[in-house]
Each structure stands twice: as C-alpha cells, then as structure tokens.
Amino acid sequence: MQNRARPATRPLRISIIGMEQRARDTLHLFFRNICQDSYVLADEAIADISIIDMDAVHAERSREEHDRKYPDRPTILISLLKPETGDGTFLQKPLQSEELLSALEQMRANFQKPEQTSTPDTAQKEKAKGSAPYNEEDAVPPSETEDKAQKETASDADPALAKRTGSTADRPHSRSSGKIIPLFPDTGQSIQSGNKEAIEIPSAKKSKSVYTPENYLQGHIQKAYQLARRKNRNVSIEGPWRPIIILPETKEIWVEQSHAHLYALSVMPVQPEDVTIQVLDAGEFPPEQGGAIQPIEFFLWKLTVRTARGRIPENTDLHAPNYLSHWPNLSRLMPIHHGLRIAALWARQPVSLTETATILNVAPKYIFSFYSAASAIGLVRQEIKNSGDEGPPPVSSQQEHEHRGLFRKILARLRGRNQ
Amino acid sequence: MDNNYKLIFTGPVGAGKTTAIRSLSDMEPVTTDAVASDMTQNIKETTTVALDYGCMQLEGGERLHIYGTPGQERFNFMWDILAKGGIGLILLLDNTRSDPFQDMHFFLNSFREFIDSTHLAIGITQTDRSATPRIEQYHEELKSTGLKVPVFEIDARQRRDVVVLVEALLFSLAPNLKVSA
Ligand SMILES: Nc1nc2c(ncn2[C@@H]2O[C@H](COP(=O)(O)OP(=O)(O)OP(=O)(O)O)[C@@H](O)[C@H]2O)c(=O)[nH]1
Ligand SMILES: [Mg+2]
C-alpha cells in the first residue's frame with residue numbers, strides 16, 4: 001500500500017512538457033547535482049509538478065490538455081515573454097536557478113501538508129505502475145550527442161556572440177567556484193554533463209530577449225535608408241559619430257569612420273533627439289577621398305547582429321509566421337550560426353520563431369539574431385495570424401529526407417571534419 | 001559499396017563550373033577541356049566539351065560524384081542522362097555575360113523537371129568584374145518561376161564560397177539536417 005503523506009525528503013517528481021532534449025538534460029543535471037535529487041524528472045502521468053514550456057509548438061493546446069487531465073497539479077509555465085494574463089506560476093527565460101528552486105520549494109511546502117493528495121488520474125496510474133516513489137525508468141538521462149551537435153563550427157560561428165559567451169565566466173555566481181552553467185542553452189554555453197562535475201548557475205541579472213532598434217545606430221540607419229529610398233536622394237545621418245551617408249540608388253552606405261569604430265558604437269543607446277537625418281541636394285555625394293563605401297545590406301546586417309546580440313526587436317510576435325521574401329546573400333553577409341538552416345526553413349514556408357526553435361532544435365538566440373538581421377534589411381516580415389488558424393503544418397523535426405545520412409556526411413566533409 | 005550519389009553543376013560557358021568542381025573534388029577533376037578537335041570557335045582558352053567529373057570520398061566508404069555539364073549548348077543532349085539520380089543542382093551564372101537572366105531562364109527551363117524533384121542553388125560568379133545585375137535583381141527575375149532558392153554571390157576560385165552554396169542546397173533539401181561533430 002503506498003503512502004500518500006510522503007516524508008519531506010521524498011524526491012518530488014517533475015514532468016516537463018514541450019521542452020527539447022537539451023533543456024530536459026539540463027534540468028536533469030540541475031536536479032541531480034544542485035538539488036541533490038530532491039527533484040527528479042518523471043513521466044507526465046505520475047508527476048507531482050509539471051513544468052510547461054509555453055514557447056513550444058502547440059504549447060497552448062498541450063497546456064489545456066494537461067490542465068484537463070491533472071486539474072490539481074501545481075504547474076510552472078516558462079516562456080521567453082511574460083504572458084498577458086498571469087494565472088499560475090510563471091518564470092521567464094532564461095530560467096534562473098534561484099527562481100526555479102524557490103518556485104519548486106513553495107510547491108513542495110504544499111505537498112507536505114497532510115491533506116494533500118494526488119489527483120484521481122495520477123493515483124490510478126501510480127497504482128498501475130506499482131508505485132515506487134521514484135522509478136529509474138521515468139527519469140530522463142542526459143544525452144550528450146545533442147550537445148555535441150549544437151557546437152559551433154568555425155565556418156559559421158558568430159564572433160560577436162562568441163565574445164559574449166566568453167564573458168559569462170566573469171559573472172558573479174551564487175555557489176562555490178567551478179564550472180558555470182546556465183539552466184538553458186540560450187546564453188550560449190553548452191551543457192557540461194558528467195558524473196561529478198559541479199554545475200554552477202550564474203546569478204547574473206536576467207538578460208532580456210527584446211530590444212528597441214530605434215534607440216540605437218541600427219534604427220537610425222534603417223530610418224534614414226527608408227527616407228533615402230522614398231525621396232530617391234542621398235541622405236546623411238549626423239549624431240555622435242563621424243559622417244554617414246546613404247546612397248539609395250546603388251544601395252550603398254558611405255562611412256567616414258572605421259567600421260570597427262561604428263560597430264563598437266552599435267550597443268550605445270542614441271536617442272532620436274541626438275540624431276539629425278537630412279536629405280542631401282541632388283548631386284551631393286560623399287567626398288571622393290577618405291571613408292569607405294559598401295553595400296548597405298552588408299553593413300546593416302552586421303550592425304544589427306552586433307546590436308541585437310541574440311535578441312529580437314520589441315513587438316516581435318514569437319508565434320507569428322515569418323515570411324522570408326527571398327534568401328539573404330549568405331555567402332557575403334556576416335555569418336550567423338545556423339543561418340543557412342533558418343533561411344532554408346523559412347524559404348519553404350512561413351514558420352514562427354518558436355516553431356523554428358523546435359523544428360531546428362536551435363537555441364533561440366541564433367534564431368533571434370537571424371530574424372533581427374533579416375528584418376533590418378527588409379527580407380522578413382511577420383504574417384498576421386488569425387487566432388485558431390494554424391496555417392500549413394511546418395516541417396517536423398522528425399521528418400527525414402531519404403538521403404539525410406548522406407547529406408550529413410557531405411556536410412561533415414565540406415566542413416573539413418572528416419578529411 | 002559505391003552508391004551512385006551525384007551532385008550536378010551547370011551554367012553557361014566560363015561561369016566557373018570546372019573551377020568550382022576542382023575546389024570540392026578530392027582529385028584533380030577529370031575534365032574534357034579543350035580536347036575537341038572540332039572546336040572551331042574559341043570562346044575562351046579552354047572550354048569543357050563533354051563534362052567535368054570530380055569526386056568526394058565520404059565517411060563509411062560512400063562517394064559523392066560531382067558532375068559539371070559542358071557550357072556549350074550544343075551538348076545539352078547529355079544533360080538529362082547526367083542529371084538522372086542527382087541529389088540537386090548548382091547553377092553558376094557569369095555576371096559579366098551579356099544577358100545573365102536569359103542564361104538563367106535557359107538553364108532553369110532545361111532542368112526544370114530535375115529541379116522540381118530535387119532542389120536548386122544559384123551562384124553568381126565574376127561579380128568582382130561586373131557588379132550588376134545585383135543579387136536582388138536575380139530574385140526579382142526568379143519570381144515568375146515560382147522558385148524561392150538561394151542566390152549567392154560567389155567566386156568559384158574560393159572554396160569557402162562554393163562550400164556555402166552546396167551547404168545551402170543541402171539545407172534546402174533538409175532544413176532540419178544536423179551536422180554531427
Ligand atoms: N574574376 C573572377 N574569375 C573567376 C570567378 N569565378 C571563376 N573565375 C575564373 O573564370 C574562368 C572560367 O572558369 P571555368 O571553371 O573554366 O568555367 P566553366 O564554367 O568550366 O567554363 P566551360 O567549361 O567553358 O563551360 C577561370 O579562369 C576561373 O578561374 C570569379 O568570381 N571572379
Ligand atoms: Mg569547364
């Protein structure tokens with residue numbers, strides 16, 4: 001006969017819904033190493049607590065189904081963006097260890113109340129399973145293969161992001177020194193899974209996943225470019241930088257300052273009142289000497305990657321399908337990790353940011369970078385989605401091309417890993 | 001085990017097919033450049049009269065055969081035979097030619113059935129010698145064909161450029177393809 005009033009030390013069983021394997025693995029390691037197994041991952045049917053990733057494909061539907069089946073089960077919702085209505089416990093990504101732990105500990109307190117029982121559904125399933133408090137079969141082991149697959153290749157690593165990743169080591173962290181590992185791969189680090197490796201979680205303040213392009217050089221250049229095209233005249237942009245002129249006819253940009261300098265300015269907020277955008281007289285061109293001219297597309301793409309740093313412009317809809325008007329010229333634009341795959345997916349059909357992450361199994365920051373850069377150069381727009389209108393089913397992550405194995409080998413060869 | 005996987009390069013005379021295949025192939029490509037004794041008109045110093053052939057050895061003993069069609073149109077009776085069983089098409093277009101759009105449509109029409117059953121990636125070469133037409137003009141031109149395909153500026157002499165183009169083709173075929181480390 002099983003004991004419903006469990007001792008406080010019994011591990012609580014956590015079911016996670018809508019998360020990719022990497023995220024599950026991270027949680028598994030976190031519970032095992034940091035929480036010393038006071039929580040374990042378990043099958044949805046027998047869990048005490050559920051964590052639902054609201055950024056997953058069909059998350060709303062999964063949640064409804066979950067709530068119907070387990071109406072009394074405490075649930076934690078996680079998402080990149082705050083929900084409009086706030087029922088239930090919500091945690092914003094990237095998930096912070098302290099926040100997750102405190103939410104779980106609060107729930108644990110409720111479990112320790114003697115009157116607390118499982119829902120009928122849960123009880124039934126538990127009986128059927130013979131009900132050990134924690135069944136090894138229900139636990140989700142970490143998969144290291146997924147992790148390897150995520151590692152950046154030399155050919156398309158984004159130096160800006162790489163730099164940022166490196167700086168994570170400098171962040172203060174809450175526990176004793178050791179490896180620092182974020183709960184989710186969004187911050188750009190890979191999971192170090194291993195037997196006795198200490199897993200440390202940075203307690204750095206939450207990185208936001210949205211930004212306001214209008215407050216940066218990127219937005220001012222976009223605005224000036226729009227004006228230049230509308231008037232079909234050269235336009236100058238004055239601000240806390242040396243002269244910049246946009247040439248709409250040839251779709252080029254002239255900058256007096258070194259590019260390195262301008263890219264360094266990319267993250268500096270510049271308010272509109274500090275910027276003057278001026279339509280130049282016909283025939284007014286940049287001086288013949290000095291400065292540098294390049295296609296505005298290349299400049300704006302790179303500047304945006306630097307400014308966005310893995311974020312998306314505010315007001316971007318995570319769930320709206322993204323319509324790519326055509327492929328970006330990716331052989332010449334600054335590489336964004338997974339950029340080719342994202343472009344290939346969106347060229348097939350409009351897919352939302354959340355679905356893209358699921359289908360490609362790619363950390364959101366890369367998808368966000370790509371989205372920001374492609375929309376800055378006018379290649380992507382979001383389609384208005386009617387509620388309830390799911391659109392065409394996207395390429396599933398399971399769907400396999402018959403020559404998939406071969407393609408993988410060709411890619412490995414092209415990237416020089418299997419010479 | 002020798003599975004007959006093929007990648008096809010096509011495009012007009014001088015677009016860089018032989019050069020691109022050379023940059024991918026394990027061995028010096030077998031090319032039939034300038035062997036034709038009946039070649040009367042000298043468009044360029046050497047031209048491929050039959051086909052180019054290169055090869056990439058893959059893990060597990062498989063091989064990818066890389067074929068280049070001859071640029072000269074009078075040899076296009078070979079194209080169908082060549083394309084059969086191919087995994088996809090790379091079309092190279094020379095930006096310095098008098099009408100690159102006409103070239104593009106010619107090759108798209110010739111290979112349309114093959115493209116529809118596989119996929120296509122387009123590389124525009126010689127952009128260092130002629131900056132126009134611009135890439136977006138190619139996309140504009142492609143609209144009428146209903147093909148939304150990668151069009152990249154490439155220099156066939158740069159392996160990296162050729163590699164990005166082939167990768168784009170592979171991901172177009174299978175966007176959720178993962179590269180194993
Ligand atoms: N400047 C410049 N030269 C290039 C570029 N791409 C290729 N070439 C050169 O263009 C010439 C023609 O290239 P090939 O590879 O012989 O062209 P092909 O398509 O095989 O030509 P055919 O066999 O005659 O159909 C070679 O000398 C290449 O080195 C480029 O982007 N810029
Ligand atoms: Mg040739």
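The values are calculated or read from the model by the stated rules, or taken from the named source; none is laboratory data. Note that this is a predicted model, so its numbers are computed, not measured. Here the Cβ positions follow ideal geometry from the backbone for every residue, glycine too, while neighbour counts run over all protein chains shown. For accessibility, only protein heavy atoms count, side chains too; no ligands or nucleic acids. Shrake-Rupley method; radii C 1.70, N 1.55, O 1.52, S 1.80 Å.
Summary table below
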read-out	value
Every pair of residues 6+ apart whose Cβ atoms lie under 7 Å, when the first sits in the stretch A:210-232 and is on the phi > 0 side of the Ramachandran plot while the second is open to solvent by less than 100 Å² (accessible area, probe 1.4 Å) and in a loop (DSSP other than H, G, I, E, B)	A:232/A:248
Total residues in the stretch B:121-142, condition part of a loop (DSSP other than H, G, I, E, B) and either more than 17 Å from the chain's Cα centre (by Cα) or at pLDDT below 95 (or both)	7
Residue count, the stretch B:71-100 (criterion: at pLDDT below 75 and part of a loop (DSSP other than H, G, I, E, B))	2
Residue that is nearest to residue A:407 (Cα to Cα), among those in the stretch B:140-163 that are open to solvent by 20 Å² or more (accessible area, probe 1.4 Å) and at the interface with chain A (Cβ under 7 Å from one of its Cβ atoms)	B:148
Condition broken by residue B:173, with the remaining ones in (1) within 26 Å of residue A:411 (Cβ to Cβ); (2) more than 9 Å from chain A (Cβ to nearest Cβ) satisfied	(2)
Where residue B:114 falls short, out of the listed (1) in contact with a helix residue (DSSP H, G or I) (Cβ under 6 Å, 6 or more places away or on another chain); (2) away from chain A (no Cβ under 11 Å); (3) within 15 Å of residue B:17 (Cα to Cα)	(3)
Positions within the stretch B:123-137 being more than 9 Å from chain A (Cβ to nearest Cβ) and touching a residue at least 40 places away in the same chain (Cβ under 8 Å), in sequence order	B:125, B:126
Conditions (1) within 14 Å of chain A (Cβ to nearest Cβ); (2) in contact with a Gly (Cβ under 6 Å, 6 or more places away or on another chain): number failed by residue B:94	(1)
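Yes/no per residue for (1) closer than 26 Å to residue A:403 by Cβ; (2) surrounded by fewer than 17 Cβ atoms within 10 Å (Cβ to Cβ); (3) without any contact (Cβ under 8 Å) to a residue 24 or more places away in the chain:
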| site | (1), (2), (3) |
| --- | --- |
| B:87 | yes, no, no |
| B:96 | no, yes, no |
| B:99 | no, yes, yes |
| B:103 | no, no, no |
| B:109 | yes, yes, yes |
| B:117 | yes, yes, yes |
| B:121 | yes, no, no |
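One line per residue, one yes/no per condition, for (1) within 14 Å of another protein chain (Cβ to nearest Cβ); (2) more than 8 Å from ligand 1 (Cβ to nearest atom); (3) at pLDDT 85 or above; (4) open to solvent by 10 Å² or more (accessible area, probe 1.4 Å):
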{"position": "B:28", "(1), (2), (3), (4)": "no, yes, no, yes"}
{"position": "B:31", "(1), (2), (3), (4)": "no, no, no, yes"}
{"position": "B:50", "(1), (2), (3), (4)": "no, yes, no, yes"}
{"position": "B:68", "(1), (2), (3), (4)": "no, no, yes, no"}
